[in-house]
1. For the chain, compute Rg over Rh where Rg is the Cα radius of gyration and Rh is the Kirkwood radius from the inverse mean 1/r over Cα pairs.
2. Loop sites only, by DSSP: take the GluC sites (Glu not before Pro) in the chain that have at most 11 other C-beta atoms within 10 Å and name the longest stretch containing none of them.
3. Which one, 39, 17, 49, projects farthest toward the positive side of the charge dipole computed for the chain from Cβ point charges (K/R +1, D/E -1)?
4. Considering only protein heavy atoms and a probe of 1.4 Å, how much of the accessible area of the chain is carbon and sulfur, as a whole percent?
5. How large is the accessible surface per residue of the chain, computed with a 1.4 Å probe and reported in Å² as a whole number?
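The values are calculated or read from the model by the stated rules, or taken from the named source; none is laboratory data. What you are looking at is a predicted structure, and each value in this text was computed from that prediction instead of being measured. Quick reminder, even Gly has a Cβ in these numbers, built from the backbone with ideal geometry, and neighbours come from all protein chains shown. Each accessible area value is taken on the protein alone, full model and side chains, heavy atoms only, with ligands, DNA and RNA left out. Shrake-Rupley method; radii C 1.70, N 1.55, O 1.52, S 1.80 Å.
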Amino acid sequence: MVSVLIADDEEDIIALVKKLIEYPDVTIVGEARDGTDAYAQILEKKPDLVITDISMPGMSGMEVIEQVR
């Protein structure tokens, strides 16, 4: 089972990504609308994969990646 967190400030993009990754062994464990929330959810849920937008409010996707790393 692969756990996935999706981070994007546009709800339509999150919905699209969810449709694109619908597989039996994939579970979406969280959705974040800004980088700060994405970072908090990553620390809490520890997903296997994070799909993030680069330009978001709070922290950019790149800042989130740097902080998690």
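1. Working: Rg = 11.1 Å, Rh = 11.8 Å.
Result for the chain is an Rg/Rh of 0.95.
2. With a cap of 11 other Cβ atoms within 10 Å, the longest stretch comes to 23-69.
3. Going by the Cα projections, it comes out as 49.
4. On the way: 2410 of 4510 Å².
That share works out to 53 percent.
5. Numbers: 4510 Å² over 69 residues.
In whole numbers, the chain has 65 Å² accessible per residue.
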